[in-house]
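K.L.:
One structure follows; several queries about it will come next.
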Amino acid sequence: MKDCISIERPEQCCGCGACVNICPRGAITMKEDAAGFLYPTVEQSLCVQCGKCTEVCVFAEKLKGANGDSAVYAAAIRDREALMDSSSGGVFTALANAVLAKGGAVFGAAWVDGLTVAHIGVDDPAQLAQLRGSKYVQSATGDAFRQAEKLLKDGKTVFYVGTPCQIAGLKAYLGKPYDNLLTADLVCHGVPSMKMLRDDLANFSDGRLDEIGTVRFRDKQYGWGVKGSVTLSGAKTKYDAGSSPYYFYFLKGEVYRESCYHCRFPSEGRQGDVTLGDYWGVRQELLDKMGSVDADLGVSCLLVNTEKGREWLASIESTLSITPSDRQSAEKRNKQLTSASVPTPEHETLRDGYIEKGYAAFQEGYKKHGKEHLIRAAKNMIPSKIKRKLNEMLS
């Protein structure tokens with residue numbers, strides 16, 4: 001039956017962009033709603049009702065993935081420079097280097113012009129730094145699926161990294177498996193909108209957005225954790241939950257896209273050949289098995305979900321400090337491996353307030369959490385090694 005995509009409720013769309021990439025007439029574009037989240041809009045004068053957009057919608061049908069049968073590892077790249085430039089243990093860099101060494105291309109989220117995060121493809125190791133590091137916002141996929149498909153058809157090896165819904169969207173768009181495609185999905189809590197982030201950065205910089213050089217949500221100058229930095233007028237300033245309402249509400253899970261609270265992928269299985277995340281709460285016994293690893297520099301939680309993932313891991317294993325773990329340990333501090341984020345009552349208040357009053361709603365709500373800010377600041381004063389010991393004693 002011929003049709004075109006229509007989003008009746010916001011939770012029915014994850015914004016993966018598969019429908020935009022598949023449209024043969026260019027009739028679909030992604031446009032921001034009042035909160036800044038991207039949704040497909042159809043130009044009816046161009047639409048031929050071919051139905052391809054509905055066929056690739058990841059919310060239209062169940063999507064089988066690896067579920068419970070993944071091999072689990074704690075891992076960190078041996079290259080200290082790459083480790084310091086990574087958010088967690090640098091496994092992404094190890095895999096990306098291997099793909100680039102084969103003459104392939106790597107796709108991931110990067111900061112692009114205008115303080116926007118979008119998916120881009122790189123084929124030069126010098127460009128890889130753009131893709132490293134967590135970006136706590138939804139990236140725009142643009143025409144990245146089409147770019148990846150062209151390279152795949154040309155016989156190039158492609159490594160595509162994204163949230164589970166983005167990887168599902170890519171696979172739905174491609175419509176068939178490719179031996180030369182490696183995918184990695186991320187342990188994703190949920191994504192706020194780019195509009196929210198730009199508003200926060202405007203507030204953080206006193207309106208001097210054009211003077212912002214670099215934004216890092218995770219800066220290992222402050223250790224392995226959730227403390228970042230913004231370079232403003234050439235000077236680095238700490239950027240975290242104690243200085244940013246956006247960052248604070250991201251960590252609390254209050255300002256995500258509606259589909260994130262209805263995420264299908266924890267129950268339907270991992271979509272990537274591998275899954276990458278932080279091994280929060282990694283036990284000392286695992287660190288001992290990994291060898292000379294400094295946990296303060298980051299450890300990756302690595303799930304290997306397919307035979308292809310196992311083959312690629314074997315090819316890079318010599319570049320990693322790595323040891324097997326188990327799903328239960330990995331899930332203890334990564335709840336999104338088992339369930340979607342759950343909105344609290346403050347979510348609706350913040351969302352509606354932001355639509356009505358803009359960023360002022362975030363500022364007003366943020367001030368009400370003074371006690372939490374003090375507790376967080378006190379916890380941040382405790383050395384990380386002592387925190388790990390306390391966590392092990394309590395677990």
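K.L.:
One residue is enough: does region 167-177 have a residue meeting the conditions surrounded by fewer than 22 Cβ atoms within 10 Å (Cβ to Cβ) and under 22 Å from A98 (Cα atoms)?
P.N.:
yes
K.L.:
Do the conditions hold for G104, that is, is it in the same structural domain as D185 (by TED's automatic domain parsing), of a type outside the set (A, V, I, L, M) and modelled with pLDDT of 95 or more? First the steps, then the outcome.
P.N.:
On the way: in the same structural domain as D185 (by TED's automatic domain parsing): yes; of a type outside the set (A, V, I, L, M): yes; modelled with pLDDT of 95 or more: yes.
Answer is yes for this residue.
K.L.:
Which numbered condition trips up D240, out of (1) surrounded by fewer than 20 Cβ atoms within 10 Å (Cβ to Cβ); (2) free of Cβ contacts under 8 Å to residues at least 24 places away in the same chain?
P.N.:
It fails just one condition, (1).
K.L.:
Residues that are aromatic (F, W, Y), farther than 17 Å from A35 by Cβ and under 23 Å from the mean Cα position of the chain (by Cα): does region 312-334 have at least one? Write out each step before concluding.
P.N.:
Quick first cut of region 312-334, residues aromatic (F, W, Y) only: 312.
Subset that is farther than 17 Å from A35 by Cβ: 312.
Among the residues that remain, those that are also under 23 Å from the mean Cα position of the chain (by Cα) are: 312.
Yes; the residues of region 312-334 include at least one that is aromatic (F, W, Y), farther than 17 Å from A35 by Cβ and under 23 Å from the mean Cα position of the chain (by Cα).
K.L.:
From V158, V137, grab the single residue that is in the same structural domain as A101 (by TED's automatic domain parsing), under 27 Å from R333 (Cα atoms), buried (at least 16 other Cβ atoms within 10 Å of the Cβ) and out of contact with any Phe, Trp or Tyr (no Cβ under 6 Å at 6 or more places or on another chain).
P.N.:
V137
K.L.:
Here are the criteria: (1) in contact (Cβ under 8 Å) with a residue 40 or more places away in the chain; (2) loosely packed, with under 13 Cβ neighbours inside 10 Å; (3) on the phi > 0 side of the Ramachandran plot. Tell me which single one G26 does not satisfy.
P.N.:
Looking at each condition in turn, G26 falls short on (1).
The values are calculated or read from the model by the stated rules, or taken from the named source; none is laboratory data. Not measured: the values here are computed from a predicted model. No Cβ is skipped: glycine too gets one built from the backbone with ideal geometry, and neighbour counts run over all protein chains shown.
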